[in-house]
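The structure appears right after this line, and notes come after that.
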Amino acid sequence: MQAMRGWVARYIPWVGLAGILGTPGAACAADYEGSPQVAEFVGEMTRDYGFAGEQLMGVFKEVERKQAILDAISRPAERVKPWKEYRPIFITDARIARGVDFWRQHEAALARAQQEYGVPAEVIVAIIGVETFFGRNTGNYRVIDALSTLGFDYPPRADFFRKELREFLLLARDEQVDPLSLKGSYAGAMGLPQFMPSSFRAYAVDFDGDGHINIWSDPTDAIGSVASYFSRHGWASGQPVVSRAEVRGSRADEGLSPGLDPSKTVGELRALGWSSHDALRDDAPVVAFRLDGEAGPEYWMGLKNFYVITRYNRSAMYAMAVHQLSQMLVQARGYK
């Protein structure tokens with residue numbers, strides 16, 4: 001345990017987050033003690049990033065392999081819900097009411113994020129609402145357990161999760177926090193905005209200026225980090241997200257985009273029978289998609305900001321849920 005105490009002694013000075021999330025259990029898990037994969041990984045972290053090998057091995061003596069995580073990620077995918085079933089999961093009176101409360105509680109931080117990054121407050125609130133219900137559901141697995149389990153015992157995506165494990169240990173060192181204390185989802189997504197470690201290191205910001213980035217229990221840092229993410233991915237301030245389309249003729253479905261990239265232009269869609277009440281330039285790039293709505297098929301053109309939302313989660317329905325929740329929040333607050 002001496003190696004473990006060495007790590008804690010080095011990183012415990014920031015007691016706020018570690019204290020909030022809890023300290024490591026006393027019992028040694030030893031699930032990865034003696035693992036050749038872990039030894040190789042520790043060697044890389046020591047050689048390439050200057051970690052102390054003995055201390056890092058001490059950390060992995062505490063790491064637990066979680067069968068529940070392997071079961072969850074290996075489970076056959078659920079039937080993909082149509083929009084008419086997906087939307088009601090996220091657009092609810094309870095989520096809107098909680099979102100309005102969250103907006104009011106953190107109005108100053110949201111206004112500053114909007115001013116500095118150009119990302120509307122309602123979009124930031126909607127992301128946090130869709131991801132974790134404003135912090136209610138942030139995950140109960142230790143991040144290091146999740147990433148180690150998937151990095152060392154899930155071959156189909158081992159490379160990806162081992163990279164995220166590396167990024168996680170680097171962020172723990174950067175933030176001076178015990179890596180055994182931080183919790184997240186079964187896939188290692190963290191905090192109010194559910195950032196993966198690589199996204200944390202690339203986009204998260206210390207928005208309250210206390211010298212540390214805490215997206216777990218500090219809504220101000222979470223707000224700034226979401227705004228930073230969207231800004232860095234090209235959010236266009238003041239520009240629309242989507243435009244509802246009307247379609248005519250037999251060639252309309254030929255205009256549907258094969259993926260989420262804005263690979264069509266408005267002019268190309270017009271030639272196939274698409275039209276919109278919004279004033280869109282013919283050369284504007286869009287992603288064209290169809291949703292199975294309550295009243296039948298819905299045709300939409302997603303503009304640049306829609307594409308930016310899909311960079312957060314690669315799903316047109318996710319992006320629509322975020323957008324529509326953001327609009328409902330504006331209406332609930334009485335803004336025009």
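The values are calculated or read from the model by the stated rules, or taken from the named source; none is laboratory data. This one's a predicted model, so the numbers in the text were calculated from it and none came from an experiment. In this analysis, Cβ positions are derived from the backbone assuming ideal geometry, glycine residues included, and neighbour counts consider all displayed protein chains.
Values as computed for the structure displayed
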quantity	calculated
Residue identified as in contact with a Lys or Arg (Cβ under 9 Å, 6 or more places away or on another chain), part of a loop (DSSP other than H, G, I, E, B) and under 30 Å from Leu180 (Cβ atoms) among Gly129, Gly139	Gly139
Number of the condition not met by Tyr186 [criteria: (1) surrounded by fewer than 19 Cβ atoms within 10 Å (Cβ to Cβ); (2) aromatic (Phe, Trp, Tyr); (3) touching a residue at least 40 places away in the same chain (Cβ under 8 Å)]	(1)
Which listed residue, of Ile69, Ile89, is assigned to a helix (DSSP H, G or I), modelled with pLDDT of 95 or more and surrounded by 16 or more Cβ atoms within 10 Å (Cβ to Cβ)	Ile69
Condition check for Phe160: within 20 Å of Phe51 (Cβ to Cβ) and assigned to a helix (DSSP H, G or I)	no
Flag for Asp174 being under 19 Å from Ala39 (Cα atoms), in the same structural domain as Phe41 (by TED's automatic domain parsing) and of a type in the set (Asp, Glu)	no
Qualifying residue in the stretch 273-291 (condition: over 28 Å from Val226 (Cα atoms) and in contact with a Leu (Cβ under 7 Å, 6 or more places away or on another chain))	no
Flag if Ser228 is in contact with a helix residue (DSSP H, G or I) (Cβ under 9 Å, 6 or more places away or on another chain) and of a type in the set (Gly, Ala, Ser)	yes
Residue within the stretch 197-212 that is among the basic types (Lys, Arg) and over 21 Å from Ala39 (Cβ atoms) present	yes
Any chance His323 is of a type outside the set (Ser, Thr, Tyr) and modelled with pLDDT under 95	no
Where a residue in the stretch 74-92 is of a type in the set (S, T, N, Q) and its partner, wherever it lies, is modelled with pLDDT of 95 or more and not in a loop (DSSP other than H, G, I, E, B), with Cβ under 9 Å and at least six apart	Ser74/Pro156
Residue in the stretch 126-138 that is touching a strand residue (DSSP E or B) at 6+ places or on another chain (Cβ under 8 Å) and either modelled with pLDDT of 95 or more or surrounded by fewer than 24 Cβ atoms within 10 Å (Cβ to Cβ) (or both) present	yes
The lone exception for Asp278 - which of (1) in a helix (DSSP H, G or I); (2) under 14 Å from Ala245 (Cα atoms); (3) not aliphatic (A, V, I, L, M) it fails	(1)
Given (1) surrounded by fewer than 22 Cβ atoms within 10 Å (Cβ to Cβ); (2) out of contact with any helix residue (DSSP H, G or I) (no Cβ under 8 Å at 6 or more places or on another chain); (3) of a type in the set (D, E, K, R); (4) under 18 Å from Glu131 (Cβ atoms), index of the condition Asp210 fails	(4)
Scope the stretch 170-211; condition within 10 Å of the chain's Cα centre (by Cα), among the hydrophobic types (A, V, I, L, M, F, W, C) and over 20 Å from Gly151 (Cβ atoms); matching residues	Leu192
